[in-house]
Amino acid sequence: GNDDMTKMDNNKKILVVGSANQDLTSNTDILPSLGETVMGKDFATACGGKGANQAVAAGMLGLAPVEMICRVGDDIFGQNLLSNFRRVGVMFDEDKTVLKDTPSGVASIVVDGNSGDNMIIVSPGANYELTEKDVREAVTKAAPAQVVVQLEILPKVALEALKAGKDVGAMTVLNTAPAPEGWTLEDPGMEFYDYIDILILNESELKKVSNGKEGDEETLARSLLDKGVGKAVIVTLGARGAMIVEKKDGSDEIQVGLADAPKDLPANKLPVKNTVGAGDSFCGALASYWSTGLSLTEAAKYACGVASITVRKDGAQTSYPTYDELPDCLKLDNFKRVKKSKPAITFVTGNKKKLEEIKQILSKGEEIPFEITNQKLDLPELQGDPVEIAK
């Protein structure tokens, strides 16, 4: 009985295989030239990485269970990234996710405060330690309905995630971000097309993947279907929405649809503030809405709406809406959502054995009403009111 229930709950599971980075952003009025030191204006840290962004965007909508396969270091950045997944209800296997001897992935971002232009260095760290064997095991164990992959992990690992997805009967989604120069999806020994059901790319990625082929977006998208993409090619067009070039079920006929955010979306009236992470929010939202049984074009319309909300706020994940924050035009009628994420509790102790005991006692319960997490604090002896310390 219970096993059947679990299967039913999981048959919509979205499994995201990808990167998780800590973003470190410095704003400055003057970009330094070689060898120069300048004084910046402000500094901010944020949870990022294309994989984590897409998982968080999907998790916050709560339309389907979301699980993340990634690797982080045993450091403060890794702890931040994982506690953020817990906060939005994205599942992960902590023992496998945290690596002892490798730093977490970091994106160092410098933003010109006047023009908004930026320079970014991504140090992949633990993201590049995710292996083909890791993803094959994880995808097989999770048996998801969708496997969503990007290109901030090693290409051979991204390909293996898609292959494993096909082997368990999942729909496979590849977002070719960031697409390296001079790289195609059909390099010798790295042929992706046969393992992709849905390919999501923006206009510049479409040109790169098409390897210099001439033509408009629709022509290029059709040529990618010819190369073996199973179901659809979705081209995101920024403010113009998205184009869906899709094989009709069970036939060779191809239909082309255009999706844009609903006209009555309140966010449309607000100025665009920051487009960082908008593509990721589209991908995560698309997987979520599609999991409810909507057509791809319908799901893309809602996903454009979610992305449109995110560009009106600063940051990537910080701009992503929860389902309850959505305007009515992006909510679904009569849809039963997955359970919300659990609240966290803080238990402070100087005795490591006590913490282990508490974790064991709590995890014996079938359904505990909160998340169990621990964080090592290197502090002098704690003195004072226990409630204040816990805060």
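See the values below:
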{"item": "Residue in region 173-182 that is farther than 23 Å from Ile69 by Cβ and open to solvent by 50 Å² or more (accessible area, probe 1.4 Å) present", "result": "yes"}
{"item": "Odd one out for Ile121, checked against (1) of a type in the set (A, V, I, L, M, F, W, C); (2) closer than 30 Å to Met39 by Cβ; (3) crowded, with 16+ Cβ neighbours inside 10 Å", "result": "(3)"}
{"item": "Leading residue by the ranking (surrounded by the most Cβ atoms within 10 Å (Cβ to Cβ)) among those in region 243-292 that are assigned to a helix (DSSP H, G or I) and of a type in the set (A, V, I, L, M, F, W, C)", "result": "Leu286"}
{"item": "Index of the failed condition, Thr176 passing every other in (1) at pLDDT below 90; (2) within 20 Å of the chain's Cα centre (by Cα)", "result": "(1)"}
{"item": "Only one of Val110, Val106, Val56 that is open to solvent by 30 Å² or more (accessible area, probe 1.4 Å) and either touching a helix residue (DSSP H, G or I) at 6+ places or on another chain (Cβ under 8 Å) or not in a helix (DSSP H, G or I) (or both)", "result": "Val110"}
{"item": "Residues that are out of contact with any strand residue (DSSP E or B) (no Cβ under 7 Å at 6 or more places or on another chain), at negative phi, open to solvent by less than 50 Å² (accessible area, probe 1.4 Å) and of a type outside the set (A, V, I, L, M), drawn from region 202-236", "result": "Glu205, Ser210, Ser223, Gly230"}
{"item": "Selection count where residues are in a helix (DSSP H, G or I), open to solvent by 30 Å² or more (accessible area, probe 1.4 Å) and either touching a helix residue (DSSP H, G or I) at 6+ places or on another chain (Cβ under 7 Å) or not aliphatic (A, V, I, L, M) (or both), scope region 61-80", "result": "3"}
{"item": "Single match in Leu237, Leu258 (criterion: under 17 Å from Thr176 (Cα atoms) and without any contact (Cβ under 8 Å) to a residue 60 or more places away in the chain)", "result": "Leu237"}
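Yes or no, residue by residue, for (1) farther than 26 Å from Ala170 by Cβ; (2) touching a residue at least 60 places away in the same chain (Cβ under 8 Å):
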position: Ile244; (1), (2): no, no
position: Pro262; (1), (2): yes, yes
position: Lys269; (1), (2): yes, no
position: Val276; (1), (2): yes, no
position: Ser288; (1), (2): no, yes
position: Ser291; (1), (2): no, yes
position: Glu298; (1), (2): no, no
position: Cys304; (1), (2): no, yes
position: Ile309; (1), (2): yes, no
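The values are calculated or read from the model by the stated rules, or taken from the named source; none is laboratory data. Predicted, not measured: the structure shown is a model, and the values here were computed from it. Using ideal geometry, Cβ is built from the backbone for each residue, glycine included, and neighbour counts are taken over all protein chains shown. The accessibility values were calculated without ligands, DNA or RNA, using every heavy atom of the protein model including side chains. Shrake-Rupley method; radii C 1.70, N 1.55, O 1.52, S 1.80 Å.
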